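Note sheet for the following structure.
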Amino acid sequence: MSASPSALGDVTPQRMAFEQPLPLQSGAQLPPYELMFETYGTLNAERSNAVLVCHALNASHHAAGTHAGDPKSVGWWDNLIGPGKPLDTRRFFVLCVNNPGSCFGSTGPMSLDPATGQPWGSRFPVVTVEDWVDAQARLLDRLGIARLAAVIGGSLGGMQALSWTLRHPERVAHCAAIATAPSLSAQNIAFNEVARRAIITDPDFHGGDFYAHGVVPKQGLAVARMIGHITYLSDDAMGAKFGRALRNGVLGYGFGVDFEIESYLRYQGDKFSGYFDANAYLLITRALDYFDPARASGGDLAQGLAAARARFLLVSFTTDWRFSPQRSREIVQALVTNRRAVTYAEVDAPQGHDAFLMDHPHYHGVVRAWFDRIAQELEAQENAGPPQVFLPPSGGGLGEAQTWGQS
C-alpha cells in the first residue's frame with residue numbers, strides 16, 4: 001500500500017516529569033528529570049501492540065508526522081512509520097522518546113540544574129545506552145505498557161534496541177536492530193574522539209559552560225558534524241553526487257571552497273551547529289563509545305547476549321562502512337549460538353550508513369513483512385486469550401538466519 005510522506009498529519013509532542021532520580025551506570029544519578037516523547041496510533045485494550053522506536057545520535061522523539069503550522073517538520077523516520085507504512089500505525093501504537101542528555105526537550109546539559117538554577121553544562125552526568133533504556137522503561141511504566149510488541153532502532157538506536165533485550169528481556173517480544181553494531185570499532189571511537197576534540201578546543205566552548213558566556217562553539221560543532229557526515233555516506237554515493245565538480249567551475253588556488261563536496265560539508269556543518277547542542281554531542285558520542293554488551297564477558301558476545309529472549313531482525317547495508325554488515329553478522333552469530341530466533345537481511349544499497357533512513361524497496365519490504373508477522377501473532381493471541389510465553393527454537397548455527405533483499 002502506498003502512503004504519502006506525511007500520512008500521519010500533525011502530531012503533538014508530550015512531556016512527562018519524573019521526580020524519582022534515575023540511577024546511572026556511572027554511579028551518579030540524574031535528579032528529577034523530564035522526557036519528551038511522541039506517540040502514533042492507538043494502544044489496544046490489551047496494551048499489547050506498543051512498539052518503541054529508539055533514535056540515533058542527532059535525531060529526536062519526532063520520528064513521524066509533522067508539527068502543526070510547519071509542513072516541513074517531517075519526522076526523521078516518517079517514510080517507515082505511519083498508516084499503510086512498514087510500521088503501520090493502524091495496527092501498532094508507536095512511541096519515540098528523546099533521551100536524557102540530548103537537546104530536544106528531555107532533560108539535558110541545556111536544562112536547568114535544580115541544585116543551582118543554572119544550566120547543567122559541563123556538570124551534566126555522563127549517560128549510557130543502558131541509562132537511556134532504563135529511562136524509557138520508566139516512561140512505559142507510567143503509560144501502563146508492561147511489554148513491548150517490538151523495539152526498533154537504527155545505528156545508535158539499534159544499540160538501544162539490543163540493550164532493551166538484555167536489561168528488560170521479559171518486556172520485549174521482538175527486536176529490530178538496523179545498521180548497528182555490538183560495539184564501536186577502534187576506528188569509530190577515533191572518529192568520535194576527533195569530533196569531540198574539535199568541540200572542546202573551540203575557544204567558545206568554555207569548558208562546556210558556554211551558555212553563561214552567551215556564545216556557542218559553532219566552529220567546533222560544525223567540524224564535528226562534517227567528520228560524522230563523511231562516515232554516514234559511502235564513497236560511491238559521495239562520488240555519484242559530487243564527484244570532483246567545482247563550485248564555481250574553476251580552481252581558486254586558495255583554501256576557500258573549490259569543490260562541491262566542500263560546499264556541501266560546510267553547509268551541513270553550519271546547519272547542524274545552528275540547532276544542536278555541543279555538550280549533547282559530547283555525551284551522545286561517549287554513550288556510543290561505551291556500549292559493549294560483551295565487555296562483562298571478556299569479549300564473548302554470545303555470552304553477553306545470553307539474557308535476550310526476543311525474536312530478532314537484523315538489517316545491514318552493503319555500503320555501510322561505519323557499521324558494516326560484518327558487525328551485524330557478529331550479532332546474528334551470537335544470537336544463533338544462544339538459539340534465539342533471528343531474521344537477517346543484508347541489503348544492497350548505495351547510500352552507506354544513512355541507508356537506514358532512506359526509502360529502499362527491499363529494506364522496507366523486509367521491515368514490513370516482519371511487522372506484518374508480529375501483527376498476525378498479536379491478532380492470534382487476542383483470539384486465543386492471554387498471551388503465550390515465547391520459547392526459542394532448538395538448534396544452532398548461522399544457517400537459521402535468513403537473508404533477504406540482496407540484489
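The values are calculated or read from the model by the stated rules, or taken from the named source; none is laboratory data. Note that the structure is a prediction, hence the values are computed from the model and not measured. Glycine gets a Cβ as well: all are built from the backbone with ideal geometry, and neighbour counts include every protein chain shown. Just the protein is used for accessible areas: all its heavy atoms, side chains included, with ligands, DNA and RNA removed. Shrake-Rupley method; radii C 1.70, N 1.55, O 1.52, S 1.80 Å.
Observations, loosely collected:
- Verdict on residue 86 being at pLDDT below 95, more than 20 Å from residue 307 (Cβ to Cβ) and either out of contact with any strand residue (DSSP E or B) (no Cβ under 8 Å at 6 or more places or on another chain) or open to solvent by less than 10 Å² (accessible area, probe 1.4 Å) (or both): no
- Members of the stretch 240-263 found to be open to solvent by less than 80 Å² (accessible area, probe 1.4 Å) and touching a helix residue (DSSP H, G or I) at 6+ places or on another chain (Cβ under 9 Å), listed by number: 242, 243, 245, 246, 256, 257, 260, 261
One line per residue, one yes/no per condition, for (1) part of a loop (DSSP other than H, G, I, E, B); (2) farther than 14 Å from residue 9 by Cα; (3) touching a residue at least 60 places away in the same chain (Cβ under 8 Å); (4) touching a helix residue (DSSP H, G or I) at 6+ places or on another chain (Cβ under 8 Å):
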{"position": "57", "(1), (2), (3), (4)": "yes, yes, yes, yes"}
{"position": "75", "(1), (2), (3), (4)": "yes, no, yes, no"}
{"position": "78", "(1), (2), (3), (4)": "yes, no, yes, no"}
{"position": "101", "(1), (2), (3), (4)": "yes, yes, yes, yes"}
{"position": "107", "(1), (2), (3), (4)": "yes, yes, yes, no"}
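- Any chance residue 26 is surrounded by 15 or more Cβ atoms within 10 Å (Cβ to Cβ) and assigned to a loop (DSSP other than H, G, I, E, B): no
- Some residue of the stretch 123-144 being among the β-branched types (Val, Ile, Thr), over 24 Å from residue 113 (Cα atoms) and at pLDDT 95 or above: no
- Filter result for the condition that a residue is closer than 30 Å to residue 214 by Cβ and either out of contact with any Phe, Trp or Tyr (no Cβ under 7 Å at 6 or more places or on another chain) or open to solvent by 10 Å² or more (accessible area, probe 1.4 Å) (or both), over 115, 45, 68: 115
- Verdict on residue 52 being assigned to a strand (DSSP E or B), touching a residue at least 60 places away in the same chain (Cβ under 8 Å), crowded, with 23+ Cβ neighbours inside 10 Å and within 19 Å of the chain's Cα centre (by Cα): yes
- Helices (runs of 4 or more DSSP H) within the stretch 113-221 that include 1 or more residues free of Cβ contacts under 8 Å to residues at least 12 places away in the same chain: 129-143, 186-200
- Some residue of the stretch 253-274 being closer than 23 Å to residue 55 by Cβ, part of a loop (DSSP other than H, G, I, E, B) and modelled with pLDDT of 95 or more: yes
- Exactly one residue out of 35, 22, 87, 43 is aliphatic (A, V, I, L, M), within 17 Å of residue 150 (Cα to Cα), touching a residue at least 60 places away in the same chain (Cβ under 8 Å) and touching a Lys or Arg at 6+ places or on another chain (Cβ under 9 Å), and it is 87.
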